[in-house]
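Colleague: After the structure tokens below, expect a handful of questions from me.
Just so you know, all these numbers are worked out from the coordinates, no wet-lab data involved. Predicted, not measured: the structure shown is a model, and the values here were computed from it. Please note: Cβ atoms are built from the backbone with ideal geometry, for glycine as well, and neighbour counts cover all protein chains shown.
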């Protein structure tokens, strides 16, 4: 079964910042939105969360 998580994504100056609403501690920052979304997915996996998609 695939879980769906909510990614909160914001532009802050030159950086994109984001976190996963349902999983405390999963937060990232990157230079582009695409990089941020990929990093959030990787961070979810590293946290032991085996979800599928993220929605913004």
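Colleague: Within region 1-22, work out how many residues are closer than 21 Å to residue 48 by Cβ and assigned to a loop (DSSP other than H, G, I, E, B).
Modeller: 5
Colleague: Only residues that are within 18 Å of residue 45 (Cα to Cα) and surrounded by fewer than 12 Cβ atoms within 10 Å (Cβ to Cβ): list them for region 4-20, please.
Modeller: 4
Colleague: Can you tell me which residues in region 1-21 are without any contact (Cβ under 8 Å) to a residue 40 or more places away in the chain, touching a strand residue (DSSP E or B) at 6+ places or on another chain (Cβ under 7 Å) and more than 14 Å from residue 36 (Cα to Cα)?
Modeller: Within region 1-21, 21 is the sole residue that qualifies.
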